[in-house]
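The structure appears right after this line, and notes come after that.
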Amino acid sequence: MPVFPGTIHSKLPKVGTTIFTVMSKMAAEHNAINLSQGFPDFMCSELLIKLVNEAMLKGHNQYAPMPGLLPLRTILAKKTQNQYGTSYDPETEITITAGATQAIYTAVAALVREDDEVIVFEPAYDCYQPAIEVAGGKTVYLRLKAPDYSIDWDEVKKMFNHRTRMIILNTPNNPTGSVWTADDMRKLEKIVKGSDAVIVSDEVYEHIIFDGQQHQSVARFPILAERSLIVSSFGKTFHATGWKVGYCVAPHNLMTEFRKVHQFLVFSVNTPIQYALAEYLKEQDTYLDLGSFYQKKRDYFNGLLKNSRFKFSPASGTYFQLLDYSAITIEKDTDYAVRLIKEAGVASIPISVFYHKPVDNKILRFCFAKKEETLEKAAELLCKI
């Protein structure tokens, strides 16, 4: 192909290929066990696949309504009411999206203007900052306090001002596995009350929370709920990340702006999968048992590593476990993650890449959403180090 002869002024000049793509590619090249990218290596529900197939055979293969199928939005409204005690109108306050990343991008594009400030807690999932940059906003970074990745609320108060248009929060948190408490939410309420700031709450791991803790959705807190766009993911909940279907819940005035962008970004989302999900969600155990399912995997993986040289505290949520390798080497986490693939045969993600300016605490992230035999093989290799 001939090369474009003109000047390209990149909107994302510092952005390259995501770390997840890089590490997964390297894992494949070296035949390493891939615990880097966050996806299960086991099948999703056979019933769910059957329901998708049935919807296809019934002819549900054309465009869905722009906001999503009403039966699916209706059952999501009931689910949110039952779990968090807040009522959302399925007609005007719930939209089905092409995954959570699209929902987050859409929310930022709809509400952030040039030079607006957006507070992001880091280490942060890597899709937040690029969306803010493309919208012309300014990312204000607030660092979670290691090793428990708690929030310095005094620092939040200092950084919050009249230019703060948005706060993006993520609980349970990827990559750390930490969770926000009810006290955290109440402190956030006090800060944003009476302001024009909106919140994007990334809650894709809402059902993957451990040790008897309760997920503190912003929907539980009225002052937060009235200014929040809540993002969730069917892919994370139902072990089907490749389907890329999620949803956003928000008060109607925020959802109106969200849909203005959504309709021109994707218009509508996979129709047969929406029909299948509307039926599958009728059984609450499909998602209410998810925490105990993944806690067993977390505990199994950690148990296999108890005699290794890695140090760790069990993750409070998500399907990621952080491992501290400081007793093994003083190498940078990015270098050690590469060596771990090439020499040990296990792929992970270095935590420093989740900061805008790398912070190297000698910690790697491992995904335990895997079959037991996968975890056993990986742990065996890690314990040999």
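Which is aliphatic (A, V, I, L, M), in a helix (DSSP H, G or I), closer than 30 Å to F366 by Cα and at pLDDT 95 or above, of L76, L48? Steps first, please.
Working: L76 fails: closer than 30 Å to F366 by Cα.
Exactly one residue qualifies, and that residue is L48.
Just one of the listed residues (L340, L322) is part of a strand (DSSP E or B), in contact with a strand residue (DSSP E or B) (Cβ under 6 Å, 6 or more places away or on another chain) and crowded, with 20+ Cβ neighbours inside 10 Å, and it is L322.
Within the span defined as the range 94-114, every residue fails to be assigned by TED's automatic domain parsing to the domain that holds A197, buried (at least 19 other Cβ atoms within 10 Å of the Cβ) and of a type in the set (D, E, K, R).
Condition check ((1) surrounded by 20 or more Cβ atoms within 10 Å (Cβ to Cβ); (2) in contact with a Gly (Cβ under 9 Å, 6 or more places away or on another chain); (3) not basic (K, R)) across all residues:
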| position | (1), (2), (3) |
| --- | --- |
| S150 | no, no, yes |
| D154 | no, no, yes |
| I168 | yes, no, yes |
| N174 | yes, yes, yes |
| D184 | no, no, yes |
| K187 | no, no, no |
| Q216 | yes, no, yes |
| A240 | yes, no, yes |
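Is it true that some residue in the range 309-324 is at pLDDT 95 or above, more than 23 Å from Y205 (Cβ to Cβ) and not basic (K, R)?
Step one: of the range 309-324, the residues at pLDDT 95 or above are 309-324.
Retained after the next criterion (residues that are more than 23 Å from Y205 (Cβ to Cβ)): 309, 311.
Checking which are not basic (K, R) leaves us with none.
Checked the range 309-324: no residue is at pLDDT 95 or above, more than 23 Å from Y205 (Cβ to Cβ) and not basic (K, R).
Which residues, taken from the range 105-128, are within 25 Å of V359 (Cα to Cα) and not in a loop (DSSP other than H, G, I, E, B)? Within the range 105-128, E117, V118, I119, V120, F121, E122, Y128 qualify. Of the set (1) under 18 Å from the mean Cα position of the chain (by Cα); (2) of a type in the set (V, I, T); (3) closer than 21 Å to A219 by Cα, all apply to T86 but (1).
Listed here are the residues, each with its yes/no results for (1) among the hydrophobic types (A, V, I, L, M, F, W, C); (2) in the same structural domain as I223 (by TED's automatic domain parsing).
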site	(1), (2)
M23	yes, no
M26	yes, no
H30	no, no
N34	no, no
Q37	no, no
I49	yes, no
T74	no, yes
N82	no, yes
T86	no, yes
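The values are calculated or read from the model by the stated rules, or taken from the named source; none is laboratory data. These numbers were taken from a predicted model, which means no experiment stands behind them. Cβ sites come from the backbone with ideal geometry, for glycine too, and all protein chains shown count toward neighbours.
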